[in-house]
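The values are calculated or read from the model by the stated rules, or taken from the named source; none is laboratory data. All values reported here derive from a predicted model rather than from experimental measurement. Quick reminder, even Gly has a Cβ in these numbers, built from the backbone with ideal geometry, and neighbours come from all protein chains shown.
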Amino acid sequence: MMKHKRKLIFITSVAVLFAYLMLGTAGLVSYLANRTLAEQGLNVNINKIRLNPFAMTVEVSDVLLTYQNKSVLELAQLSVETRFGQLVNGNIAIAQANIADGKIVLNYQNDTVSLGGWLPSKTEEKQQENNTTSEPLNVFIQQVLLSNINVELNAQRKHQFVLQQAKISDSEFSSLAQRVNAELVMQLNNEPMKVTAKAEQLEGKWQLDISEMQGALTIDHYAQWIPEPWSSAKGQLTWNVKAAVNQLEKVWSVELASLTFNASSLAVPLLTAGESKKALLGELALSSNNTHLAISTINSGELSASLGTTDLALTSLQLPLDVSGQVSNFSLDSFNVNAPSSSIALMADAQGMNAKGIVTLAGSGVSWIDATNNDVLLKLAQLDITDLDWALSDALSLNIPALSLGNGEFSTLAQQPQGLSLGDSALPPLAKWRTVNIANIAIKPQAIAIEDIKADIEQITVVKTKEQPLANLTLRSKNSNEAEQTNTQQTSTEQANSEQTSNEQESESAQTSISLGSVEILGVPNINYYDYSLKFPMVQQLQIERLWVKNIVSQPITTKAEYSLLARMGKRAAIDVAGQLTPFDPTQGLSAKGTFTGVDLTQYSPFIADAIGHNIKQGMLNAKIDFAVDKKEIKGKVDTHIKAIALSPYIGKDDHQVTQNNLVPLNLAIGQLTDDKGNLDIDIPLSGNLDDPDIGLTGIISLITTKAMKEGAKSYLMQTFVPYANIVSVAMMAGGTLFAINVDDLKYPAEQVILDDKQKTFADQLAQILIDKPKLQITACPVLGKADGISGPVKTLADKKISELKAMGQQRFHHFVDYLVDEKGIASDRIVPCASELSTKKAQGHLSFSIK
C-alpha cells in the first residue's frame, strides 16, 4: 500500500513539474529577466513558453521587449527542435526552427546603432567578454525558417527592412568546418531583394557560391551616408549576380558567371568651373558573363583578371564640363561598349600592371554646347569605333581599325560675332560633315600613325575679324581678350621662361612622330570665307571638287607631302593647283604649280584695296603659277592675264593723296598699260619673304593681282620713258601705289621769251614723247625767278611789276605751245596750261612740266 502511495506521489510530482515546464515557464523567465533588465530601462514580457524536455523542443510566443516604455522588439512565434544526442556532446544541433512575425526597432545617431535608443553598458560588455570561454561552440543546423521579420531603422528618415522569407539549411559552425546554405527573400524600403547562396570553409579552403543575388534600391533614400558633394544624388539601381568566390591558402579567385546592373534616372551633383551642376543619366545597363578574377596575397600580391562577354549601354546622358573656365553641357542619346569573351585581360604585380583588350564603341546623338551662350561646340549624329585594340604596360597603346563620325558639325555660334553684318541669316558652323572615316589608327607613346582619312564634308565656314583670326571658333576662354592684353604686357623674364618652356616642349614633341598616309575630301563641300579684318569686308565662296594630301610625316620635319586641289568659284572660275608642302611647317617648303581661270577680281577687291589703295571696279584673272617657298623665301613666276581691268579713284590714306602734278596714281598707270579692251598681260617674278607685309599670306589671288598691277605699272612706266631718260625720270612711291614722273625744267635766261636752239632741242624730245604715247598729255607751268627781276619778297612787289612778270611767263608758255603745235603737230588740247608763278626760291625762270 505504501509503495503504491509513494509511486503515486512521484508520478504526481513529475506531472506537476512537467506541467509547470509546459505552462508556467513564461512567467518565471520574464520575472528573472526583468530583475536584470530593469536597471537598463528594459522590460520583457513573454506570453507563453513551452518546453518539452522529452521531445527537446521549445515554443515561445508573443514576446515584447520595451525600452523606456517603448516597444523595441516584438516576436509572435519562435519554435526550436534540438537533438539531445548533440547536447550530451556539448554541441547545439537544431533540427528545425521557425521564427515568424517579428519586429525590431533600431535607432541611428552619431554613427551609432542602438536598439530603440538602448545601448549595453560598458560593464555588461566587459562581463560578456569575461564570460566568453575559449572553448568553441559547435552549432549544427538542419533547417531554420524565418518569415515576416521587420527591422525598422530610425535615422534622418525611417528605413524599413522586411525579411519576408528566409531558409537556412544544412549549416555547420564548428572547429572543423564553417558551412551555411541560405535563401533570403527581402524588402528594403519597399524594394525587393533576393539572395540564394552557399558558403563553406573547410581545411583552409573557403568557398562562396551565389546562385542568385538580385535587388533594387533608390539612391536618395540613403543620402545620409553619401559623402559630399554627392549627398543630393538621385536615381534607382537594380542588379542580379551569379558568382563563385574561392580561397585556397593565399590565393583568392572570383568567377562571375553572370552580372546585370542597371541604373536609371540618375542625377549626380558635380562641381564644374566653380558652379554646382548635375550630371543626368537616363539609364545605364551593364551585363557581363564568365568573368574571372584572381588575387594572390603572397609577398606583394598579384592580380589577374579576364573579362567575359560584356556590354555597357548608356542612354540620355547629360554631363557638365569645364572648358577654359566655362561651363559646357555634354550630352548623348546613347552610347554602347561591347567586349567579346576573354577580350580584356589584366595582370598586376609589384613590378607594375599589364592590361589589354578589344572593345567596340558606338554612340549616337552626341551634343556639346556652351552653357553660357548656347554656342555649339560639337554635334554628332553617330560615332562608331570598331574593334579598338588597346594595351597598357609602361604606357597606353591603341590600335583602331576603323573610326567613323557621322553627320556632325563643329563650332556653331548662337549669335553673330560683333561687327558682322549677315542680317537675319544664322552663321553656319565652322565645319559640317556627312561622314568622316578614319582607317587603321595606331597610337603609341612615341608615334601616331593613321592610314587614311576620308571626309565627306558638307561645308566649312571661316570668319576673320580684326580681333580674332578665327572668330567663329567656340573653344575660347571667356576672358580671352583680357588674357591677350595680359600676355602682351609680359616681362622679358617671362618671355625668356616661355622660350625655355617652348624649347623643352619642342624637344618632347620631337620624340613623338606623326604619320598620315592620306587625307581626302569627298563630295563637293562649300567653303565660306568672311574677312571682316579689311577696310571693306570680303566674302568668298568656293566649292572643293578635289582635295587630297598624301604622305604626311612629322619626322624629319622637312619631309614633303603631296597635295592636289581643284576648286570652283561660282560656275566658271576655277583653281587647279598641285605641289608639295612640309605640313608641319609650311613656310619651310611649299611648291605650287597650276592655273587660275576666270577669277572675278571684284570679289578680292577688299584684299587688294588695302595693298594698292584702289578698289577693283571690274576685272577677271587668268594665271599660270609656278613658285616655291624655301625657308620663307618665295621664288617663282606667274604668267598673268587680267581682262578688262578698271580701278576706282584712290581710296587710301590721306598722306597718299596725289598732291603734286608729277605724281601718277596706280589706276592711271594701269590705264596706260592696258590695251583698248582693258586687258593686261604680264609675266611677273614672285620673290620676297613671307614675313614681308607687301606679300603676306592674305591670299594667292590677291598676291598675284597686286604684284601684277604694281610690277606691271612700274615696268611699263620705266620702259616708256627710258628713251627720254635725258629729260624724264620715273620713281615708285607709297608702296607702289604712286609713281613720280619727273620732267626736267626748261630754263630761260633773264627776260628771254622766244625759244633758242637749245630749248628747241628740249621741246623736240618732249614732243616725241607725246607722239610716241598718244594717250599722254602734259601740263606746262611758267615760273618766274630772281633773274627775271624779282628783287625781294613777292608780296613787296608792286601790282604793275607782278602783272608784267606774269605776262612774261604766259608769253614763254605760248611761244613753247606754238612751237609744239605748229612745228611738231601736237594737238593743242594735249598741252594743259596753268597760271604763272612767282618764286624767290628759284634763281632762273623756267617752264615746269608734268606728264599724265
TODO: Would you point out the residue of the stretch 732-766, among those that are at pLDDT 85 or above and part of a strand (DSSP E or B), that is surrounded by the fewest Cβ atoms within 10 Å (Cβ to Cβ)?
DONE: LYS747
Open item on the list: Among the residues of the stretch 104-117, are any at pLDDT below 95, farther than 25 Å from ASN190 by Cβ and over 60 Å from the mean Cα position of the chain (by Cα)?
Closed with: no
Task: Flag for ILE527 being in a strand (DSSP E or B) and either touching a residue at least 40 places away in the same chain (Cβ under 8 Å) or of a type in the set (Phe, Trp, Tyr) (or both) - done: yes
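Between GLN318, GLN326, which is surrounded by 16 or more Cβ atoms within 10 Å (Cβ to Cβ) and more than 24 Å from LEU361 (Cα to Cα)? Spell out how you get there, then give the answer.
On the way: GLN318 fails: more than 24 Å from LEU361 (Cα to Cα).
After ruling out the rest, the residue left standing is GLN326.
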Task: Filtered residue count, the stretch 45-62, keeping only those that are surrounded by 15 or more Cβ atoms within 10 Å (Cβ to Cβ), outside any loop (DSSP other than H, G, I, E, B) and not charged (D, E, K, R) - done: 7
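Anything in the stretch 274-332 that is among the β-branched types (Val, Ile, Thr) and more than 23 Å from PRO229 (Cα to Cα)? List them, or say none.
THR291, ILE295, THR297, ILE298, THR309, THR310, THR315
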Open item on the list: Need the failing condition index for ILE769 against (1) modelled with pLDDT under 85; (2) closer than 17 Å to GLU751 by Cα; (3) assigned to a helix (DSSP H, G or I), just the number.
Closed with: (2)
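Considering only the stretch 216-258, how many residues are part of a helix (DSSP H, G or I), of a type in the set (Phe, Trp, Tyr) and under 19 Å from ALA279 (Cα atoms)?
If we filter the stretch 216-258 for residues that are part of a helix (DSSP H, G or I), which is where we start, we get 219-225.
Narrowing the set further to residues that are of a type in the set (Phe, Trp, Tyr) leaves 222, 225.
From the residues that got through so far, the ones that are under 19 Å from ALA279 (Cα atoms) too are 222.
Matching residues across the stretch 216-258 total 1.
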Task: Candidate set from the stretch 612-650 (those that are over 15 Å from VAL599 (Cα atoms) and of a type in the set (Ser, Thr, Tyr)); member that is modelled with the highest pLDDT - done: SER648
Open item on the list: So, in the stretch 817-852, exactly how many residues are more than 30 Å from LYS800 (Cα to Cα), touching a strand residue (DSSP E or B) at 6+ places or on another chain (Cβ under 9 Å) and part of a helix (DSSP H, G or I)?
Closed with: 3
- [ ] State all residues of the stretch 546-567 that are more than 17 Å from ALA592 (Cα to Cα) and surrounded by fewer than 18 Cβ atoms within 10 Å (Cβ to Cβ); if no residue qualifies, say none.
- [x] GLN555, PRO556, ILE557
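Residues in the stretch 248-291 that are buried (at least 17 other Cβ atoms within 10 Å of the Cβ) and over 30 Å from GLU302 (Cα atoms): how many? Show your work before the answer.
As a first pass, look at the stretch 248-291 and keep what is buried (at least 17 other Cβ atoms within 10 Å of the Cβ): 256, 259, 263, 266, 268-269, 272-273, 277, 279-281, 283-284, 288, 291.
When the remaining residues are screened for being over 30 Å from GLU302 (Cα atoms), the result is 263, 266, 268-269, 272-273, 277, 279-281, 283-284.
So the count comes out to 12.
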Task: Spans of strands (runs of 3 or more DSSP E) in the stretch 259-334 with at least 1 residues modelled with pLDDT of 95 or more and touching an Asp or Glu at 6+ places or on another chain (Cβ under 9 Å) - done: 275-296, 309-323
